[in-house]
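A.B. asks: Shown below is the structure under consideration.
The values are calculated or read from the model by the stated rules, or taken from the named source; none is laboratory data. Quick caveat, the model's predicted, so the values are computed rather than measured. Every residue, glycine as well, gets a Cβ built from its backbone with ideal geometry; the counts of neighbours run over all protein chains shown.
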Amino acid sequence: MKNRWYKDAVVYQIYPRSFCDSNGDGIGDIKGITSKIEYLKDLGINAVWLSPVYKSPNKDNGYDISDYRDIMDEFGTLDDFKEMLEKFHKNGIKVIMDLVVNHTSDQHKWFQESKKSKDNPYRDYYIWRKGRGKDGKKPPNNWTSRFMGPAWEYDEASGEFYMHLFAKGQPDLNWNNPKVRQEVADICNYWFEMGVDGFRCDVLTYISKPDDLPDGKFNLGLIGDEHFTIGPNYHKYIKELNEKSWSKYDSFIVAEAIGTGLKDAVALTDENNKELDSLFHFDLANVDAILQFIPKKVDLVKFKKIINDRQNLPATTWNSNYYENHDQPRSLPRLADGGDLMEAGKMLAVSLLMIKGTPFIYQGEELGMTNCAFKKEEMIDVMATQIMGMFHKISPLLDNWAYKVMLKRARDHARTPMQWNGSENGGFTTGKPWMVVNPNYTEINAEKEQSDENSLLNFYKKVIHFKLGNEIAINGNYIEYLKKNKNLFVFERRLENKSLFVICNFKNKDIKFALPEEINYKNCELKISNNKDAGKLESCVLKPYETRIYELEY
Ligand code: GLC
Ligand code: CA
């Protein structure tokens, strides 16, 4: 097991568009981020992941890149970026960029060229095919876009279709073309040379498609996954990229691994394979949904099993743990059980930070920012609008149902502007925010929580401070207790004769805790709890959402 810096990191994800607006145009920007480095340092995190800041026409808020080597106009300039990077580094905070290379924007010059003619040198940078049917107007295969509808767009001029697994403004790159792979390595090296410390790789498991592009099977409402999730040349291409770029720097490479399971995790991240350092799986993201979209109550036993399975992967792999990101609704209320959500937030913080792996906190999670009661027209994300639009086409009678589903699942919930203080727009902007601010900013905001000793924010600081540099928290083995208990999440992290013993009451009611018989400690010290009356480790009744971390010596 190698010791690398990211194993002792707490990463904070910034969604730049919604973080802090420095110039009053209603859109978060780089200078805004720079102005909040003090806040992040005070929070105690030691790495950030920035959602894309590259040039983009923003069909998918930066996940459609038109120039990989420059900064989006709305966010500022490359000089602003360099200044921010330097300030982060001065404050001991590493910077991880988002690498979106399954697709580009249709405004990228490669695609603009590619579209010009069939013999353009860039034609083969993308996936073009003749259509089917007599007139060739039927898509080349039955694959669907992850945002619904066919994964193909017809181009009148050349009479061919191009593939887009996301929006039609996001054409898929053709990784079978060695030139494309070289471009990707060059892009990574460009940012590494500037000083960035790693990449979160967007939908990386989709990059390799079979040449013959066979029809796919219907799966959870989408078609084609079995052909392009860890496709035929995936490992070859990633090994190559690792060799040409990632391995040359002391970097952290974590990939979004949609559609992959437990076994895949080893193949994708085992350190002996020289591919990725870590991945984000989706098993927990879907724990409160049927078919990804239909909301259901969290089953804690299942929830714990998902964590347990991942925690028990071979020591040559490394977990990245998250509850929230820019694609998921807020964990409050998703993973809570009603009642005092701030206390629920504290309990969730302990569970997320104390399991083994690198924890990722999403902006506002440390404040307990919640989902928003959007009106229909306030959900403006491409996913929500395309899905609601599709159901409307099937029948306007489905409008209300689709709206209600989106009210639980839309990505917009995570993207409402950061709530800095109680002034207008939560202090995010002095102008008109690009999307609605959650009206609960008057109650939930950073300024208010800074000055409240018992706030969620101050609790996060304690847990982060406790975790970083703590050998047991970094390397301790994970042992789960009370697996079948439907209310409590109880685990231990063991390192030689010491351990951290963690208790989390996931329920909004008093719950009995029975100390497992095998726990016979010599010494015990309570390190952190949201119950000021918590005593030493023994059988007891836990308060709603109570959480405790003990250090034990055997
Ligand atoms: C990833 C991103 C998401 C984006 C999609 C297409 O899932 O996290 O925000 O829409 O890829 O790039
Ligand atoms: Ca701005």
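A.B. asks: Could you give me the residue pairs with C-beta distances under 7 Å whose first residue belongs to segment 25-36 and is among the basic types (Lys, Arg), whose second residue is away from ligand 1 (no atom under 16 Å from the Cβ) wherever it lies, and which are 6+ apart or on separate chains?
C.D. replies: Listed pairs, sorted by first residue: Lys31/Ser22; Lys31/Gly76; Lys31/Asp80; Lys36/Cys20.
A.B. asks: Which residue, of Asn523, Asn454, Asn530, Asn487, is more than 25 Å from Thr317 (Cβ to Cβ), modelled with pLDDT of 95 or more and in the same structural domain as Asn421 (by TED's automatic domain parsing)?
C.D. replies: From the options Asn523, Asn454, Asn530, Asn487, the qualifying one is Asn454.
A.B. asks: Which residues, taken from segment 502-523, are surrounded by 17 or more Cβ atoms within 10 Å (Cβ to Cβ) and assigned to a strand (DSSP E or B)?
C.D. replies: Matches in segment 502-523: Val502, Ile503, Cys504, Asn505, Ile511, Phe513.
A.B. asks: Kindly provide the set of residues from segment 26-65 that are surrounded by fewer than 22 Cβ atoms within 10 Å (Cβ to Cβ), among the small types (Gly, Ala, Ser) and farther than 23 Å from Gly431 by Cα, ordered by number.
C.D. replies: Gly44
A.B. asks: I'm trying to understand the selection: among the residues of segment 107-150, which are touching a Gly at 6+ places or on another chain (Cβ under 8 Å), in contact (Cβ under 8 Å) with a residue 12 or more places away in the chain and outside any loop (DSSP other than H, G, I, E, B)?
C.D. replies: Within segment 107-150, Lys130, Thr144 meet the criteria.
A.B. asks: Assuming Ile464 fulfils every condition listed in (1) without any contact (Cβ under 8 Å) to a residue 60 or more places away in the chain; (2) of a type outside the set (Phe, Trp, Tyr); (3) more than 18 Å from Leu332 (Cβ to Cβ) apart from one, which condition is it?
C.D. replies: (1)
A.B. asks: Only one of Lys448, Lys462 is part of a helix (DSSP H, G or I) and under 26 Å from Val541 (Cα atoms). Can you tell me which?
C.D. replies: The match here is Lys462.
A.B. asks: Under 8 Å between Cβ atoms, at least 6 apart or on separate chains: pull out the pairs that start in segment 294-311 with a residue that is at pLDDT below 95 and end on any residue that is in a loop (DSSP other than H, G, I, E, B) and of a type in the set (Asp, Glu).
C.D. replies: From residues that are at pLDDT below 95, the pairs are Pro295/Asp288; Lys296/Asp288; Lys297/Asp288; Val298/Asp288.
A.B. asks: Here is a further query. Mind checking whether some residue in segment 433-443 is over 22 Å from Ile45 (Cβ atoms), among the polar types (S, T, N, Q) and surrounded by fewer than 18 Cβ atoms within 10 Å (Cβ to Cβ)?
C.D. replies: yes
A.B. asks: May I ask you to list the residues in segment 101-122 that are within 16 Å of ligand 1 (Cβ to nearest atom) and among the polar types (S, T, N, Q)?
C.D. replies: Matches in segment 101-122: Asn102, Thr104, Ser105, Gln107.
A.B. asks: Take segment 199-222 and flag every residue that is in contact (Cβ under 8 Å) with a residue 24 or more places away in the chain and either within 16 Å of ligand 2 (Cβ to nearest atom) or among the polar types (S, T, N, Q) (or both).
C.D. replies: Correct list: Thr205, Ser208.
A.B. asks: Just to check your reading of the model, which residue among Asp29, Asp60, Asp70 is within 14 Å of ligand 1 (Cβ to nearest atom) and among the acidic types (Asp, Glu)?
C.D. replies: That would be Asp60, the only listed residue that is within 14 Å of ligand 1 (Cβ to nearest atom) and among the acidic types (Asp, Glu).
A.B. asks: I need the full set of residues from segment 151-178 which are within 16 Å of ligand 1 (Cβ to nearest atom) and not in a strand (DSSP E or B), in order please.
C.D. replies: Ala151, His164, Leu165, Phe166, Ala167, Lys168, Gly169, Gln170, Pro171, Trp175, listed by residue number.
A.B. asks: From the list Pro214, Pro232, which residue is farther than 30 Å from Val48 by Cβ, in contact with a Ser or Thr (Cβ under 9 Å, 6 or more places away or on another chain), modelled with pLDDT of 95 or more and of a type outside the set (Val, Ile, Thr)?
C.D. replies: After ruling out the rest, the residue left standing is Pro232.
A.B. asks: Take the residues in segment 151-161 that are in contact with a Ser or Thr (Cβ under 9 Å, 6 or more places away or on another chain) and touching a residue at least 40 places away in the same chain (Cβ under 8 Å), then tell me which one is nearest to Leu213 (Cα to Cα).
C.D. replies: Per the stated criteria, the residue is Ala151.
A.B. asks: Would you pick out the residues in segment 251-260 that are modelled with pLDDT of 95 or more and out of contact with any Leu (no Cβ under 9 Å at 6 or more places or on another chain)?
C.D. replies: Hits for segment 251-260 are Ser251, Phe252.
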